[in-house]
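Quick note: the coordinates plus some simple rules give every number you see, no bench work behind them. Only a predicted model underlies this, so the values are computations on that prediction, with no experimental measurement involved. Because the Cβ atoms are built from the backbone with ideal geometry, glycine has one as well, and the counts that use them run over all protein chains shown.
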Amino acid sequence: MAMSPTKKRNLVFLAVSFVLTLLVFQSVKRALIGEPKEVKGVPDQVFYASDVAPILNEHCVKCHRQHGAAPFSLMDYKKVYRKKKTIRKVVSKNIMPPWPADPTYSHFIGENILTDDEKEILFKWMDQGARFGDSSKLPEPPVFSKVSNLGEPDVTVYLDSFLVKGNNRDQFMVIKTPFEIPQDTFIRAIEFLPGKEQLVHHLNADLLLYDFDAKADVMDGNRVVDVEIHPMEFDEEFKQLKVYNDDGSMPYRYHSAVNYLPGVMGTIYPEGVGGFKVNRKSSFIARDIHYAPIQEDAWDRSHYNIFYAKEPPKRLTKEMMLGTNGISPIRPQLIIPPDTVMTFKTLYRVSAPISILTVNPHMHLLGDRIIAYAVTVEKDTIPMIRINRWDFRWQYFYTYPKMLKIPAGATIVVEATFDNTTNNKNNPYNPPRTIAERYDREGAGMRTTDEMFQFIITYLDYEDGDENQSLVYER
Ligand code: HEC
């Protein structure tokens with residue numbers, strides 16, 4: 001029997017609205033239970049192979065694997081079994097995985113936090129006798145490359161290999177790594193890979209661009225200087241390394257063009273989002289590379305990978321630094337008397353709108369907590385980042401899932417609290433002493449015992465729609 005056109009239309013309409021209702025229902029449900037994490041629940045019987053290994057693979061093994069940054073691997077049953085007591089301790093106290101940023105304030109790419117269910121699975125597994133289970137259910141272990149975690153680099157530049165002394169002390173260096181490429185071009189991403197992950201504790205490197213005629217030989221000069229004393233400016237080291245142009249001026253410098261911390265797999269933004277320029281003659285300058293204390297001499301040979309942009313980027317990545325050495329003063333001046341807990345502020349008003357990619361809060365051993373937000377002209381608050389329990393060891397560069405727009409006229413406010421009492425386990429002095437920023441080389445203060453309060457922002461000049469642009473890199 002033939003259907004009348006109206007009936008047909010009604011049926012189609014019904015079908016469409018049914019599907020739409022389903023979709024709406026699904027998304028409401030998703031909103032209620034709090035996407036994006038898929039909720040798996042806690043099984044009655046918990047086993048290593050099916051339940052625990054997947055959690056460790058997702059949250060732990062990027063550091064806890066053979067030759068990884070952590071002192072032991074969590075990739076095999078026996079090792080995990082042996083460590084179960086300490087795992088319970090550090091997981092229940094939220095010490096591991098290390099992720100200082102408060103997820104109730106703002107979110108970042110690579111956020112590494114165990115859900116309550118995941119913690120319960122780990123604890124239940126231990127309570128039930130830490131059984132292995134069915135080996136066919138073991139997940140594929142994740143693969144990590146010694147060469148690159150971001151793909152096929154266009155250029156790889158090796159740091160000179162050198163001997164890290166086995167003197168059981170922290171060692172800080174300034175390392176120059178010059179290179180030449182066939183022509184000036186644009187870079188999309190730079191990645192640093194340590195030669196030995198347990199040795200390299202962290203790295204902050206700038207990229208220097210030389211005008212072709214400004215420096216005859218970029219390869220000239222020493223490559224490494226030890227820095228026992230923390231310099232605020234690196235003039236002496238730069239002279240020793242022959243970093244300056246032939247006429248003594250400073251080449252163009254991208255601050256913090258590349259950063260590394262254990263477990264950080266490199267930042268690459270989607271194609272077309274920001275980028276750097278790079279010249280025929282260029283150099284990396286690791287102004288802050290920290291080697292962890294070791295007992296026996298060991299060689300390290302780390303490298304940088306450069307990924308070219310397919311097209312010249314429309315907007316170059318910019319950087320601003322608030323606080324110490326930066327564009328905004330610290331109020332009051334950063335002097336922390338003994339036996340005090342003190343909060344300092346630094347404020348910066350943006351005259352034109354910006355789109356923030358990444359933020360990096362930086363303090364030393366007296367750091368206690370830090371918060372950054374922007375206040376708009378209409379007095380709206382835009383949360384940026386909050387760290388409730390500062391951990392000197394884990395100073396990430398935090399990248400937003402979508403660019404964070406700060407409108408014109410808004411003021412960025414950063415408040416840092418320092419604890420100079422004996423309650424602070426990391427206080428380098430007992431009894432506590434006055435600690436301040438140090439702008440000179442007098443007094444031979446070891447690097448970490450001086451204080452800093454710095455907030456680095458990498459951003460683009462704002463364009464319409466930026467706030468919807470995802471920064472998650474899809475391979
Ligand atoms: C970003 C790197 C990183 C990640 C991710 C990480 N760890 Fe660690 N872990 C370390 C380092 C480094 C140490 C050595 C101690 C230190 O330096 O804090 C450590 C130490 C430990 C310890 C020993 C603590 C002690 O007091 O002896 C345990 C247990 C541990 N981690 C468990 C875990 C578990 C479980 C996870 C995942 C849920 C995890 N870690 C994720 C880097 C990491």
With 5 Å bins from 0: P(r) over the stretch 120-179, alpha-carbon pairs, percent: 4, 9, 10, 12, 11, 10, 9, 10, 14, 9, 2, 0
Column: log10 I(q)/I(0), Debye, Cα scatterers of the stretch 48-137, q = 0.11, 0.12, 0.19 Å⁻¹: -0.31, -0.36, -0.90
Net charge over other residues, Cβ less than 12 angstrom from the Cβ of PHE144 (K, R count +1; D, E count -1): +2
Nitroxide proxy distance, nm - points 7 Å out along Cα→Cβ at GLU311 and MET250: 3.4 nm
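Please tell me the relative contact order of the chain in percent, rounded to the nearest whole number, where contacts are Cα pairs under 8 Å and at least six residues apart.
Working: 957 pairs, mean separation 84.7, N = 475.
The value is 18 percent.
Could you tell me what fraction of 2.2 N^0.38 Å the Cα radius of gyration of the stretch 319-468 comes to, as a two-decimal ratio?
1.11
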Environment charge at ARG386 (Cβ cut-off 11 Å; Lys +1, Arg +1, Asp -1, Glu -1): 0
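Just how large is the dipole of the chain about the Cα centre, in debye to the nearest 20, putting +1 at every Lys and Arg Cβ and -1 at every Asp and Glu Cβ?
Values: 58 positive and 61 negative charges, 370 e Å.
About 1780 debye.
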Signed unit charges on C-beta, dipole axis of the chain, positive-most listed residue GLN171, ILE330, TYR400: TYR400
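Could you please tell me the mean projected area of the C-alpha convex hull for the stretch 155-314, averaged over all directions and given in square nanometres to one decimal?
On the way: hull surface 37.7 nm².
Projected over every direction and averaged, the Cα hull of the stretch 155-314 covers 9.4 nm².
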The stretch 175-217 - charge dipole about Cα centre, Lys and Arg +1 at Cβ, Asp and Glu -1, debye rounded to 20: 220 debye
Dipole axis of the chain (+1 Lys, Arg; -1 Asp, Glu on Cβ), positive-most option in PHE186, HIS202, GLY129: GLY129
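Exceeding 26 Å between C-alpha atoms, which entries from my cross-link table qualify? They are LYS85/LYS137; LYS146/LYS242; LYS124/LYS402.
Details: LYS85/LYS137 24 Å; LYS146/LYS242 30 Å; LYS124/LYS402 36 Å.
Pairs exceeding the cut-off: LYS146/LYS242; LYS124/LYS402.
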Summed side-chain charge close to LEU404 - residues other than LEU404 whose Cβ falls under 10 Å, Lys, Arg +1, Asp, Glu -1: 0
Cα centre as origin, Lys/Arg/Asp/Glu Cβ charges: the stretch 155-314 dipole, Debye: 440 debye
Kirkwood Rh, angstrom, the chain [1 / mean 1/r, Cα pairs]: 25.1 Å
